[in-house]
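Chemist: One structure is given below, represented as structure tokens, and several questions about it will come after.
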Amino acid sequence: MLNEKIAKLINEQINKEFYSAYLYLDFANFCEDEGLDGFANWYEVQAQEERDHAMTFRGYLKDNGIKVTLDAIAKPDKKLTKVMDALEAGLEHEKYVTSLINNIYHEAFEQKDYKTMQFLDWFIKEQLEEEKNAEDLVKKMKLFGADARGLYLLNQELSTRVYTAPTTNKD
Ligand code: MG
């Protein structure tokens with residue numbers, strides 16, 4: 001069994017991860033409309049990964065015999081007028097997600113819930129990666145996105161991202 005507060009936080013995290021998927025799908029739509037199919041591909045893959053995160057949290061609750069309650073997913077609310085808006089909003093969002101994961105970890109630490117701390121280790125590492133990826137995108141866009149040729153090449157680079165199922169601590 002899990003501590004009630006931790007179970008509640010993890011249940012909420014399922015919703016947050018699905019929201020992340022929804023948000024990145026919204027970014028993908030925007031990029032597609034801007035004619036940047038490579039950027040759109042990058043965010044589509046990202047959205048798939050977020051769904052996986054949600055499923056991993058769901059699996060953890062189920063493994064612990066906790067009933068999962070699905071809530072409504074909020075509407076993506078980032079105002080996008082140019083691609084850089086999405087890149088920056090993505091970075092900001094990942095920092096927010098890191099704070100959520102840290103908060104659950106902190107609660108697990110307080111409760112001496114070593115099992116949940118170990119489960120969350122994968123996500124702690126993943127968030128480092130997510131923030132780095134989002135930051136790299138912003139940097140690359142600043143460096144190369146200003147002229148059409150640079151943007152074209154960056155779009156091509158991002159079109160090569162392929163979805164692979166994550167290796168979680170369940171493997
Ligand atoms: Mg995530």
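What follows is calculated from the coordinates using simple rules that are stated; it is not laboratory data. Note that the structure is a prediction, hence the values are computed from the model and not measured. Virtual Cβ from ideal backbone geometry, glycine too; neighbours counted across all protein chains shown.
Chemist: Can you put TYR114, TYR105 in order of Cβ neighbours within 10 angstrom, beginning with the fewest?
Modeler: The fewest-first ordering by Cβ neighbours comes to TYR114, TYR105.
Chemist: For the pair ASN133 and VAL45, how long in nm is the line joining their label points, each one 7 Å along Cα→Cβ?
Modeler: 0.8
Chemist: From the P(r) of the chain, could you give the percentage of C-alpha pairs in the tail past 25 Å?
Modeler: On the way: 5092 of 14535 pairs.
For the chain, the fraction of Cα-Cα distances above 25 Å is 35 percent.
Chemist: Find how much the distance from LEU153 to TYR22 grows on full extension, using 0.36 nm per residue of separation minus their present alpha carbon separation; answer in nm with one decimal. Before the final figure, lay out the partial values.
Modeler: Numbers: separation 131, 0.36 × 131 = 47.16 nm, distance 2.67 nm.
My answer for the length gained is 44.5 nm.
Chemist: Any chance you could run the full-extension gain for MET1 through THR164? It's 0.36 nm times the residue separation minus the Cα-Cα distance, nm to one decimal. Please list the in-between numbers first.
Modeler: On the way: separation 163, 0.36 × 163 = 58.68 nm, distance 3.16 nm.
Computed gain between MET1 and THR164 is 55.5 nm.
Chemist: Continuing with this model, one more query. Rank the residues TYR24, TYR19 as a footprinting-exposure proxy: fewest other Cβ atoms within 10 Å of their Cβ go first. The partial results should precede the final answer.
Modeler: On the way: TYR24 24, TYR19 21.
With the fewest neighbours first, TYR24, TYR19 line up as TYR19, TYR24.
Chemist: Let's test this: bin the Cα-Cα distances of the stretch 85-171 at 5 Å from zero up to the farthest pair and state each bin's percent.
Modeler: 3, 13, 17, 18, 16, 12, 9, 6, 4, 2, 1
Chemist: Set the bar at 20 Å for Cα to Cα. Now go through LYS82/LYS142; LYS5/LYS132; LYS75/LYS125 and name every pair that lies beyond it. Numbers along the way, then the final one.
Modeler: Details: LYS82/LYS142 13 Å; LYS5/LYS132 30 Å; LYS75/LYS125 28 Å.
As for pairs spanning more than 20 Å Cα to Cα, those are LYS5/LYS132; LYS75/LYS125.
Chemist: Continuing with this model, one more query. Provide the per-residue ³J(HN,Hα) series for the stretch 144-150, in order, calculated from phi with Karplus coefficients 6.51, -1.76, 1.60 and θ = phi - 60°, each as a whole number of Hz, with x at glycine and proline positions.
Modeler: 10, x, 6, 10, 4, 5, x
Chemist: For PHE144 paired with LYS62, estimate the spin-label separation in nm (one decimal), with each label point 7 Å from Cα along the Cα-to-Cβ line.
Modeler: Placing both labels 7 Å beyond Cα along the Cβ direction yields 4.0 nm.
Chemist: Another one. Taking the Cα centre as origin and putting +1 on Lys and Arg beta-carbons and -1 on Asp and Glu beta-carbons, what dipole magnitude results for the stretch 77-171, to the nearest 20 debye? Show your work: numbers first, answer last.
Modeler: Working: 14 positive and 18 negative charges, 63 e Å.
That gives a dipole near 300 debye.
Chemist: Report the normalised scattering of the stretch 1-45 as log10 I(q)/I(0) at q = 0.19, 0.27 Å⁻¹, calculated by the Debye formula with identical scatterers on the alpha carbons.
Modeler: Debye output, listed in q order: -0.59, -0.83.
Chemist: Sticking with this one: What do you get for Rg/Rh over the stretch 58-100 if you use C-alpha atoms and the Kirkwood form of Rh?
Modeler: Values: Rg = 15.4 Å, Rh = 13.1 Å.
Here the Rg-to-Rh quotient is 1.17.
Chemist: What order do you get for VAL138, VAL97 when you list them from fewest to most C-beta neighbours inside 10 Å? Can you show the working numbers first?
Modeler: Numbers: VAL138 15, VAL97 21.
If I rank by nearby Cβ atoms, fewest first, I get VAL138, VAL97.
Chemist: Out of residues 5 or more away from VAL68 or on other chains, whose amide H comes under 5 Å of its own, with H placed 1.01 Å from N in the peptide plane?
Modeler: none
Chemist: Which listed residue (ASN155, PRO76, ILE124) has the Cα farthest towards the positive end of the charge dipole for the stretch 4-159, taking +1 on Lys and Arg C-beta and -1 on Asp and Glu C-beta about the Cα centre?
Modeler: ILE124
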